[in-house]
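**Q** Can you read through this structure? Questions will come right after.
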Amino acid sequence: MINDKYYYRHWVIMGIITAVVILYVCRLFYLQIIEDKYRRQADSNALVHRTKYAPRGLIYDRHGQLLVFNQPAYDIVVTINEMSKTGGCARFCRDINIDWEYYVDRMSEIKNVNTNRGYSRYTPQIFMTQLRMEDIAQLQEVIHSNHPGFAIQHRTLRDYTYPNAAQVLGSIGEVSQNDIEKDDYYARGDYAGRDGLEYTYEKDLRGEKGEEILLRNSRGRIVGNYAEGKYDSEPKAGTDITLTLDIQLQILAENMLQGKIGSIVAIEPATGEILALASSPTWDPALLVGRQRSKNYNILSNDPTKPLMNRALQAQYSPGSTFKTVQACVALQLEAITPNTTYPCSGPGSAPIKCTHHHGSPVSLLNAIEQSCNPYFWLAYKNTIEKKGYGKNNKDFKAQYNRWRDCVMSFGLGHKFDDSDLYQQSRGSIPSAELYDKWYGATGWKAITIRSNSIGQGEVQITPLQIANAAATIANAGYYITPHLNKADSMLTRRHDTKVDKNYFRYVQEGMWRVFEYGTGRHHKIPGINMCGKTGTVDNNHGRPHSLFIGFAPKENPKIAVAVVVENAGYGATWAAPMASLIMEQYLTDTIARQDLKQRMVTSVTNPNVKKYQ
Ligand SMILES: [Zn+2]
């Protein structure tokens, strides 16, 4: 019995060992013979690896208008081993119209294995990239018959239906060594999104490259696909993207900002969909395509008016009187005022902040919004942050101040929208008590010290996107959906509720409606539509005041919220209000009846340094 048992085990163990040995032999055979053969051939002159580039995804506006598509483009590639040994370089330079220095520099770049890691003298290397059809038409035949080693490779470049939305769409450029190291998808000579949506959605838009492995005979002629194409792969086209943008609205916004520095942001309040996101100065996106890209990019980056900055997302301004709308909501929530609270106003004689308007006194909340009464909002702010007194070491005051700050920030102000697809936003700033402690010492500041905040000056800083979103939040009576540009994102509900009770919003909406009926917006009302808005005229150190406006319409069931900033242009009512009104008219009625007004906005120049890049 015992012997039998061991005998049986002996065979089991032998069996296992044999199986393991066979497995190893197979694996070794595979590695040594199959893979090695393949790898050896890959580096030899018998095989040519040719990348098949994927067409990049297309970009559409919210109504299905094609905005960005692909045009054919070409690279000149060179296989060093196949080049003529007897010269011909001078003639090559002449034929493709480049100078000798360029040729020498480019060749040494190609052969430098430190920067061109994938270099092999047997595989095609990119010599010149991003040539257009018109550049290449003459060259194809010349290269084929006179310059062995050189060949033309097909690619695509971006093309645009409209000369608009450059900052939103972004651009494509050649990948850097850094890109290649970070993501092994990329190889030298690949293109990738550098900024804007092209950058944010790079992984969706780029698709997947394919590869073709070709076999060459001993004379260097390509005789067909290696292993009958068994190892080839087809490229996969990138995913198309439909934007929330309305291109007609975007064009109107950009046209009105011509000759001015500023931005216009329009949002659909119910969805957070961005309808227009314009920044001026701007440029025709086609200027950053192809071989002219780096030259034009340099011109744009050297322009002192900073066209490359997307002001809608990156510029930070004092919101001025547009901020009174948010102040009113927060003062109501923190029970510093009621809808019936009145304060006296002595007009220009008021202290510590004078009123810039003439109106009756005392003034109610709705009238204060309508008349943009500074003293009212100073007193409301003071009562809000001093409501709990000062306490020991100003502790109670600072806690209440931070409560005010939390409420304000819940409107999307003073922080980035981290869950958005918007490229490179600035934070803006709603200063914390801790910051003021640092500036003035723990007990060195009071309401009076920071009184400018009450009227949206002082340290409060917002971006045009943020204040447009605050307008959408008031339109929604208390919440916003993260503003975004990809329509597919609208399926995700990123709802943010403010810290202000929804019942308080109707008073502020009513006040903003009065602005259009009786206040600073009254000359820019669209007949038949109940519109809500608030102007802002913001003093600054660079000349005339910035002209600001926020608004939404219609009052019942709002379809659009808008913010407009025009730098150093003058009163909010003169520039930003009519522009916002025209944006609302175009969006709500699909046409513009006030053509004269539109014409005046489009042709007026408030900054003669703004160039047109077309
Ligand atoms: Zn007043």
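The values are calculated or read from the model by the stated rules, or taken from the named source; none is laboratory data. Predicted, not measured: the structure shown is a model, and the values here were computed from it. Glycine gets a Cβ as well: all are built from the backbone with ideal geometry, and neighbour counts include every protein chain shown. For the accessible areas, the whole protein counts, side chains as well, though only heavy atoms, and no ligand, DNA or RNA atoms are used. Shrake-Rupley method; radii C 1.70, N 1.55, O 1.52, S 1.80 Å.
**Q** Report yes if SER372 is in the same structural domain as PHE516 (by TED's automatic domain parsing), within 16 Å of the ligand (Cβ to nearest atom) and open to solvent by 50 Å² or more (accessible area, probe 1.4 Å), otherwise no.
**A** Numbers: in the same structural domain as PHE516 (by TED's automatic domain parsing): yes; within 16 Å of the ligand (Cβ to nearest atom): yes; open to solvent by 50 Å² or more (accessible area, probe 1.4 Å): no.
No, not satisfied.
**Q** Still on this structure: On the basis of being modelled with pLDDT of 95 or more and either over 19 Å from ALA573 (Cβ atoms) or of a type outside the set (Gly, Ala, Ser) (or both), does ALA336 make the cut?
**A** Details: modelled with pLDDT of 95 or more: yes; either over 19 Å from ALA573 (Cβ atoms) or of a type outside the set (Gly, Ala, Ser) (or both): yes.
Yes; evaluated as a whole, the condition is true for this residue.
**Q** Checking LEU465 against (1) surrounded by fewer than 24 Cβ atoms within 10 Å (Cβ to Cβ); (2) modelled with pLDDT of 95 or more; (3) within 24 Å of the chain's Cα centre (by Cα): exactly one of these is not met. Which one?
**A** The failed condition is (1).
**Q** Which one of the conditions (1) open to solvent by 10 Å² or more (accessible area, probe 1.4 Å); (2) within 14 Å of the ligand (Cβ to nearest atom); (3) under 18 Å from ASP501 (Cβ atoms) does LEU379 fail to meet, given that it meets all the rest?
**A** Failed condition: (3).
**Q** Got at least one residue in the range 319-330 being open to solvent by 10 Å² or more (accessible area, probe 1.4 Å), within 12 Å of the ligand (Cβ to nearest atom) and either touching a Ser or Thr at 6+ places or on another chain (Cβ under 9 Å) or acidic (Asp, Glu) (or both)?
**A** yes
**Q** Based on what the data block shows, is THR482 crowded, with 24+ Cβ neighbours inside 10 Å and touching a Ser or Thr at 6+ places or on another chain (Cβ under 7 Å)?
**A** Values: crowded, with 24+ Cβ neighbours inside 10 Å: no; touching a Ser or Thr at 6+ places or on another chain (Cβ under 7 Å): yes.
For THR482, the condition - crowded, with 24+ Cβ neighbours inside 10 Å and touching a Ser or Thr at 6+ places or on another chain (Cβ under 7 Å) - is not met.
**Q** Name the one entry in ALA90, ALA73, ALA42 that is modelled with pLDDT under 80 and either part of a helix (DSSP H, G or I) or open to solvent by less than 80 Å² (accessible area, probe 1.4 Å) (or both).
**A** Values: ALA90 fails: modelled with pLDDT under 80; ALA73 fails: modelled with pLDDT under 80.
Answer to the check: ALA42.
**Q** What is the residue count in the range 274-314 for residues that are outside any helix (DSSP H, G or I), out of contact with any His (no Cβ under 7 Å at 6 or more places or on another chain) and not basic (Lys, Arg)? Write out each step before concluding.
**A** As a first pass, look at the range 274-314 and keep what is outside any helix (DSSP H, G or I): 274-284, 289, 303-310.
Filter again for out of contact with any His (no Cβ under 7 Å at 6 or more places or on another chain), leaving 275-284, 289, 303-310.
Okay, now just the ones that are also not basic (Lys, Arg), so 275-284, 289, 303-305, 307-310.
Qualifying residue count, the range 274-314: 18.
**Q** Which of the residues spanning the range 123-166 are of a type in the set (A, V, I, L, M, F, W, C) and crowded, with 18+ Cβ neighbours inside 10 Å?
**A** Let us first name the residues in the range 123-166 that are of a type in the set (A, V, I, L, M, F, W, C), namely 126-128, 131, 133, 136-137, 139, 142-143, 150-152, 157, 165-166.
Correct list: ILE126, PHE127, MET128, LEU131, ILE136, LEU139, ILE143, PHE150, ALA151, LEU157, ALA165, ALA166.
**Q** Name the residue that is farthest from ASN70 (Cα to Cα), counting only residues in the range 193-241 that are among the hydrophobic types (A, V, I, L, M, F, W, C) and either touching a Ser or Thr at 6+ places or on another chain (Cβ under 6 Å) or surrounded by 15 or more Cβ atoms within 10 Å (Cβ to Cβ) (or both).
**A** Initially, the range 193-241 is screened for residues among the hydrophobic types (A, V, I, L, M, F, W, C), giving 197, 205, 213-215, 222-223, 227, 237, 241.
The next check asks that each one be either touching a Ser or Thr at 6+ places or on another chain (Cβ under 6 Å) or surrounded by 15 or more Cβ atoms within 10 Å (Cβ to Cβ) (or both); those that pass are 197, 205, 213-215, 237, 241.
Details: LEU197: 16, LEU205: 12, ILE213: 25, LEU214: 27, LEU215: 30, ALA237: 11, ILE241: 14 Å.
That would be LEU215.
**Q** Answer with yes or no whether LEU313 is within 12 Å of the ligand (Cβ to nearest atom), in contact (Cβ under 8 Å) with a residue 24 or more places away in the chain, among the hydrophobic types (A, V, I, L, M, F, W, C) and crowded, with 19+ Cβ neighbours inside 10 Å. Before the answer, list the steps.
**A** Working: within 12 Å of the ligand (Cβ to nearest atom): no; in contact (Cβ under 8 Å) with a residue 24 or more places away in the chain: yes; among the hydrophobic types (A, V, I, L, M, F, W, C): yes; crowded, with 19+ Cβ neighbours inside 10 Å: yes.
No, not satisfied.
**Q** Next question. Any residue in the range 384-394 that is open to solvent by 10 Å² or more (accessible area, probe 1.4 Å), in the same structural domain as ARG494 (by TED's automatic domain parsing) and in contact with a Phe, Trp or Tyr (Cβ under 6 Å, 6 or more places away or on another chain)? Write out each step before concluding.
**A** Narrowing the range 384-394 to residues open to solvent by 10 Å² or more (accessible area, probe 1.4 Å): 386-394.
Now drop any that are not in the same structural domain as ARG494 (by TED's automatic domain parsing), which leaves 386-394.
With in contact with a Phe, Trp or Tyr (Cβ under 6 Å, 6 or more places away or on another chain) added as a condition, the list becomes 390.
Yes.
**Q** How about the range 490-546: which of its residues are of a type outside the set (D, E, K, R), within 22 Å of GLY412 (Cα to Cα) and more than 29 Å from the chain's Cα centre (by Cα)?
**A** From the range 490-546, those of a type outside the set (D, E, K, R) are 490-493, 496, 498, 500, 503-505, 507-509, 511-513, 515-516, 518-521, 523-524, 526-533, 535-538, 540-543, 545-546; that's our starting set.
Filter again for within 22 Å of GLY412 (Cα to Cα), leaving 490-493, 496, 498, 500, 503-505, 507-509, 511-512, 532-533, 535-538, 546.
Answer for the range 490-546, where residues must be of a type outside the set (D, E, K, R), within 22 Å of GLY412 (Cα to Cα) and more than 29 Å from the chain's Cα centre (by Cα): VAL500, ASN503, TYR504, PHE505, TYR507, VAL508, GLN509, GLY511, MET512.
**Q** Could you grab me the full set of residues in the range 307-330 that are of a type outside the set (A, V, I, L, M, F, W, C) and more than 19 Å from ASN164 (Cβ to Cβ)?
**A** Of everything in the range 307-330, those that are of a type outside the set (A, V, I, L, M, F, W, C) and more than 19 Å from ASN164 (Cβ to Cβ) turn out to be GLN316, TYR317, SER318, PRO319, GLY320, SER321, THR322, LYS324, THR325, GLN327.
**Q** Failed condition for ILE267, given (1) open to solvent by 40 Å² or more (accessible area, probe 1.4 Å); (2) within 22 Å of ASP489 (Cβ to Cβ); (3) not assigned by TED's automatic domain parsing to the domain that holds ASN81, with all others met?
**A** Evaluating ILE267 over (1) open to solvent by 40 Å² or more (accessible area, probe 1.4 Å); (2) within 22 Å of ASP489 (Cβ to Cβ); (3) not assigned by TED's automatic domain parsing to the domain that holds ASN81 leaves (1) as the failure.
**Q** Another question about this same structure. Can you name the number of the only condition in (1) touching a Phe, Trp or Tyr at 6+ places or on another chain (Cβ under 6 Å); (2) closer than 25 Å to GLU510 by Cβ that PHE397 fails?
**A** In the conditions (1) touching a Phe, Trp or Tyr at 6+ places or on another chain (Cβ under 6 Å); (2) closer than 25 Å to GLU510 by Cβ, PHE397 misses (2) alone.
**Q** Taking the condition of being more than 24 Å from GLY521 (Cβ to Cβ) and either more than 9 Å from the ligand (Cβ to nearest atom) or touching a His at 6+ places or on another chain (Cβ under 6 Å) (or both), how many residues in the range 345-368 meet it?
**A** Number satisfying all stated conditions: 3.
**Q** Something else: Return the residues of the range 339-366 that are under 24 Å from TRP513 (Cβ atoms) and exposed (fewer than 12 other Cβ atoms within 10 Å of the Cβ); say none if nothing qualifies.
**A** The answer is ASN340, HIS358, GLY360.
**Q** Within the range 287-304, take every residue that is of a type in the set (Ser, Thr, Tyr) and within 19 Å of the chain's Cα centre (by Cα) and give me the one that is surrounded by the most Cβ atoms within 10 Å (Cβ to Cβ).
**A** So the first thing to find is which residues in the range 287-304 are of a type in the set (Ser, Thr, Tyr), and the list is 294, 297, 301.
Those still in the list that are within 19 Å of the chain's Cα centre (by Cα) too: 297, 301.
Values: TYR297: 17, SER301: 11.
Looking at residues that are of a type in the set (Ser, Thr, Tyr) and within 19 Å of the chain's Cα centre (by Cα), I get TYR297.
**Q** Next question. Please specify each residue of the range 231-242 satisfying the condition of being in contact with a helix residue (DSSP H, G or I) (Cβ under 6 Å, 6 or more places away or on another chain) and either part of a loop (DSSP other than H, G, I, E, B) or of a type outside the set (Val, Ile, Thr) (or both). It would help to see each step written out before you state the result.
**A** First, the residues of the range 231-242 that are in contact with a helix residue (DSSP H, G or I) (Cβ under 6 Å, 6 or more places away or on another chain): 238-239, 242.
GLY238, THR239 - these are the residues of the range 231-242 that are in contact with a helix residue (DSSP H, G or I) (Cβ under 6 Å, 6 or more places away or on another chain) and either part of a loop (DSSP other than H, G, I, E, B) or of a type outside the set (Val, Ile, Thr) (or both).
**Q** Pairs, please: C-beta under 6 Å, at least 6 apart or cross-chain, first residue touching a residue at least 40 places away in the same chain (Cβ under 8 Å) and in the range 104-129, second among the polar types (S, T, N, Q) and buried (at least 17 other Cβ atoms within 10 Å of the Cβ)?
**A** PRO124/THR79
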